[in-house]
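The values are calculated or read from the model by the stated rules, or taken from the named source; none is laboratory data. Given the structure is predicted, the values throughout are model-derived calculations rather than measurements. Glycine gets a Cβ as well: all are built from the backbone with ideal geometry, and neighbour counts include every protein chain shown. These accessible areas exclude ligands, DNA and RNA; they are computed on the full protein's heavy atoms, side chains included. Shrake-Rupley method; radii C 1.70, N 1.55, O 1.52, S 1.80 Å.
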Amino acid sequence: MARFRVNGVAQELDIEPEMPLLWALRDELGLTGTKFGCGVAACGACTVQVNGNPVRSCVTPVSAVEGTDITTIEGLAVNAAAALSPVQQAWIDHQVPQCGYCQSGMIMAVSALLTANPNPSDDEIDGAITNICRCGTYPRVRKAIRSLTAATTA
Amino acid sequence: MKINRRRFLLGTTVVGGGLLIGYATTRPSKHSVANDTLAENGQSFLTTWLRIDPDNTVTVLVPHSEMGQGVLTSLPMMAADELDADWDLVRVEQAPATDLFANGVLVKGFAQSMGVSVPGFLDGAINKVSEIMNIQITGGSSSVRFTGENGMRVAGAAAREMLIKTAAARWEVPESELTARLSHVHHEASGRTATYGELASDAARFEPSPNPRLKEPHEFTLMGKPIPRIDIPAKVDGTAAFGMDARLPGMLYAAVKTSPVFGNKLVSVNSDVALQRRGVVRVVELDDAVAVVADNYWRAKQALAALDIQFEATANDQVSTQSIYAQFDTALQGELNEDVEEGDTPTALAGAATTIDATYRVPYLAHAAMEPMNCTVHFHDGKADVWTGTQDNLGIRGRVASISGLDENDVTMHMFYLGGGFGRRLPNTTNTIDQATRIAQQFDVPVQTIWSREEDMQQDYYRTAVTSAFRAGFDASNNLIAWENHYIGKNEPAEAAHPPYSIPNKSIAYADSPTHVPLGAWRSVAHSQHTFFLESFVDELAHKAGKNPYQFRLDMLRDKPRHTAVLKAAAERAGWERNLPEGHAMGIALQESFGSIVAQVAEVSINSDGSVRVHRVTCALDCGRSVNPDTVASQAESGIIYGLTAALYGEITIANGRVEQTNFNDYEMLRLSDSPEIDVVTIESGAALGGLGEPATPPVAAAVANAVYILTGQRVRELPLKNYRFTAAPVERVA
Ligand code: FES
Ligand code: FES
């Protein structure tokens, strides 16, 4: 049995311990907001937060997240106790997404970064946000992050 | 109530007490499902693309796929603007995949009337008359300029005229005394007002004008404004559904391994090994592939990896990048097909004071859309349902029907957002769809076939590799008098290798040199390679002539005012070669594609490890006029990063007949850390609308490579740049 909480809800799944969290979320729990992009931790499309830390779920076996609190894109706003989390709102304000496929992972990575480090330097942003966006939304991703950090510093 | 088919084409008809205006560019649907879909109870219709409901909402049906280019917003803006609709009351729906919304005729007809060459991948499909009804393509940067200009705007304007006529008749006042504003018709003199919803059903008495008056740009209320995209909210909270997100009761998942050497057949597989594993339902053997079907994708993928799969060996197993390049070199020495012949190039070259030769090359490229290829199919009750994201819903419907032997009427498409298109999800690139159909045929539950990233990268329809050889000649006063260019492969679009510059003698020709590597349209199609070639070689010529590359181009564009304006705008905005930090240089490049003209200036330096760093790209763009300026900017940013990724990293190589790259660790992508600042300036020339999805991609590679030359004295004639280790050795700059 794999046991963890997803977006505040306790889950108990009779699955193989080595099943990556990504496929437990998508195929067992039907939470399709978390995306499959590469399967080898190279793109970040599958990023979720485990106890608040960004984790690439495609290479994270469920055995490694036993007993943890997992947040997916579906649960991000709920945690923020608002319709949208600040990162999601900034994404709308800056019209960041294009095709949108990478954006769940991008938003999960950014919100984890800003929670841990509300005022990151450019180098810290570059180091933490290594997600691939094939549509090239990077300039807007940076602007949207900066709009949030400016607000934090002000 | 059924639609009156007789009067459908360019006529009006009553539907459910309301109105339908047919601006369909085709005959009425032969498919009953199309008619039923349109005629839901209680709704009034205005034209094929517009529906006005009694509650005064306007619904715009968009026949193109949303893949991030903003088409679900920009097309409705065009209709709503002409209709003078209240944007807050506008709803947008994806038009169903039925032939009422086929846009093939529209695209081709209007493309030609506007003097734009139709990309060959469209043309080929359209010319088969039997397939005319099966084209619902989003590609060739066509949506806004063709469907938008000729469908959406006309439909909106015609509907507005009919609503005005209706109010005039109802109130017995002249039409000239009426105004339409924010989904209401007003009669100022008497203070009367009516909503469009109140007028819609009576409007059926009037014939729609085939040529309604369209607004002048100064009358626009929505077009030209940065309207937020309607698809974005769902893309920040995880609710936007992509093809891979289809979830259906009882569904199974298929993982596939296709012969890594394209086209080689399956010989054997030890299926038993997979069948013993948890969750595995069946192993499906296809002609050139094996699929494992299980109750969870990871289980299917693991079981597939455990199999010993044997494919046949063929002569293609010997093919490599080196053998392909050697084949190209031989082909260029053989018989060539004429592309452009102007003046007398051989004589001009023979008499030239100086000549310069250079041979350029680019590798194959994969699309690598962020969402790996996938398709879900459910066969049941002699019918099929298909869930996938595609640039061509009708084409996919036809494809599934023909593979399974069903009537198209019995195949229902369920449309999804595309996790990237870039040409990969166009018609005639259906290997995933074909497999998904054949796999699902063996089940009575829905089966979702998902390609791993490795399959996606190794079974693509690639941007072709190309070799392109140039020779140019200058006269004694250093004027460029002759241009000879021989390259591999017939171009789509045909003009991709034509320099915009005035050169008196030009001889351009190509050699066909097919290989077993499957090819497809890749963002900007042949422009992606030829702009790199042309704009790099022109830069070489500028330096050879002792001229500043920017001025050299300007001098040869005297008869091209739009090109000149764009080039100047880019140079001025970038501050061409002014105040550059130590160790930085600028390169410039220009190209017209899909009706838009784009110039880019790249500011570049060389890292201490000899790699290239692009700091800033300034992009000037003339697409006629911006329908949604924010979308124009984001498409330009996207196109630049797509092109820059290819320039820096993009390289698919072939060894032993198969693609060597497997995933993002060996087919690298630009990331946030190496993403340049991008500054987009648009020029509203008022020319016919140009495309947006593609034109920003071509110039960036040459702009960067031209800056690299200034920094290092090394001319980059082959991409990608990651294969070089540069040493800074600045060349003399000419002001
Ligand atoms: S899918 Fe997990 S990092 Fe790419
Ligand atoms: S928005 Fe398409 S991959 Fe990022």
- About the Cα centre of chain B, how large is the charge dipole given +1 on each Lys and Arg Cβ and -1 on each Asp and Glu Cβ? Please answer in debye to the nearest 20. 420 debye
- Evaluate peptide A:35-47: per residue, the Cβ atoms of other protein chains within 10 Å of its Cβ; return the mean as an integer. 6
- Query: Ignoring ligands and nucleic acids, what accessible area does B:LYS544 show with a 1.4 Å probe (Å², nearest 10)?
  - Reply: 110 Å²
- Task: Can you tell me how much longer the chain between B:ASN409 and B:THR179 gets when fully stretched, taken as 0.36 nm per residue apart minus their C-alpha distance, in nm with one decimal?
- Result: 78.4 nm
- Are there GluC sites (Glu not before Pro) in region B:158-204 that DSSP puts in a loop and that have at most 12 other Cβ atoms within 10 Å, and which ones? B:GLU172, B:GLU188
- Which value results for Rg/Rh of region A:86-153 when Rg is the Cα radius of gyration and Rh the Kirkwood radius based on the inverse mean 1/r? 0.92
- Item | Packing rank of B:401-407, B:660-666, where each peptide gets the mean count of other beta carbons within 10 Å, highest leading | B:660-666, B:401-407
- Difference of contour (0.36 nm per residue) and Cα-Cα distance, B:ALA476 to B:ALA353: 43.8 nm
- Note on the structure: Ranked output for segments B:720-726, B:593-599 by mean other Cβ atoms within 10 Å, highest leading, reads B:593-599, B:720-726
- Task: Calculate the mean, over all residues of peptide B:672-680, of how many other protein chain Cβ atoms lie within 10 angstrom of the residue's Cβ.
- Result: 5
- Item | Debye intensity ratio in log₁₀ form over the Cα atoms of region B:567-706, taken at each q of 0.12 Å⁻¹ | -0.50
- Message: Which residue, B:ILE164, B:GLN661, B:CYS375, has the largest displacement toward the positive end of the dipole of chain B when charges sit on each Cβ (Lys, Arg +1; Asp, Glu -1)?
- Response: B:ILE164
- Peptide ranges B:710-718, B:320-328 listed from the most packed, as the mean C-beta count within 10 angstrom indicates: B:710-718, B:320-328
- Message: Apply the a/c threshold of 1.5 to the C-alpha gyration tensor of the protein assembly as shown and tell me whether it is rounded, prolate or oblate.
- Response: rounded
- Select from B:ALA521, B:LEU534, B:VAL566 the residue farthest towards the positive end of the dipole of the protein assembly as shown; place +1 on Cβ of Lys and Arg, -1 on Cβ of Asp and Glu, and compute about the Cα centre. B:VAL566
- Message: If you restrict to DSSP beta bridges whose two residues both lie in chain B, what percentage is antiparallel, to the nearest 5?
- Response: 75 percent
- Message: Run the paramagnetic zone check for B:GLU718: 7 angstrom along Cα to Cβ, then residues of region B:473-491 with backbone nitrogen under 20 Å.
- Response: B:486-489
- Quantify how strongly other chains surround peptide A:70-77 by giving the mean number of their Cβ atoms within 10 Å of each of its Cβ atoms. 2
- Task: Take the alpha-carbon centre of region B:344-395, take the same for region B:232-306, and report the distance between them in whole Å.
- Result: 26 Å
- Message: Is the C-alpha gyration tensor of region B:307-350 telling us rounded, prolate or oblate? Criteria: a/c under 1.5 is rounded; beyond that, a/b larger than b/c is prolate, otherwise oblate.
- Response: prolate
- Answer in debye to the nearest 20: the dipole magnitude of region A:86-153 about its Cα centre, from +1 Lys/Arg and -1 Asp/Glu charges placed on Cβ, is 240 debye
- Rounded FRET efficiency, nearest 0.05, which uses the C-beta distance separating B:ASP444 from A:SER63 and R0 of 51 Å: 0.90
- Task: Quick one: plug the Kirkwood hydrodynamic radius of region B:578-649 (C-alpha pairs) into Stokes-Einstein at 20 °C, 1.002 mPa s, and report D in µm²/s.
- Result: 157 µm²/s
- Query: So what's the gap between the Cα centers of region B:48-84 and region B:423-445, to the nearest angstrom?
  - Reply: 30 Å
- Rounded to the nearest 20 Debye, what is the dipole magnitude of region B:410-539 about its Cα centre when Lys and Arg each give +1 and Asp and Glu each give -1 at the C-beta? 100 debye
- Task: Kyte-Doolittle cut-off 0.5, length cut-off 15 Å along the helix's own axis using Cα: show which whole DSSP H helices in chain B pass.
- Result: B:71-83, B:629-648, B:699-712
- Query: Once you sort the root eigenvalues of the Cα gyration tensor of chain B as a ≥ b ≥ c, which label holds: rounded (a/c under 1.5), prolate (a/b larger than b/c) or oblate (the other case)?
  - Reply: oblate
- Message: Using a Förster radius of 22 Å, what is the FRET efficiency between B:LEU248 and B:ARG277 based on their Cβ-Cβ separation? Nearest 0.05, please.
- Response: 0.45
- Note on the structure: Inverse of <1/r> over all distinct C-alpha pairs of region A:1-116, i.e. the Kirkwood Rh in Å, gives 14.1 Å
- Cα centroid separation, region B:142-209 to region B:399-421 (Å): 37 Å
- Note on the structure: Given Cβ charges of +1 for Lys and Arg and -1 for Asp and Glu, the option among B:GLY263, B:LEU275, B:ALA234 whose Cα lies farthest towards the positive end of the dipole of region B:206-294 is B:LEU275
- Restricting to the protein assembly as shown, what percent of DSSP beta bridges are antiparallel, rounded to 5? 75 percent
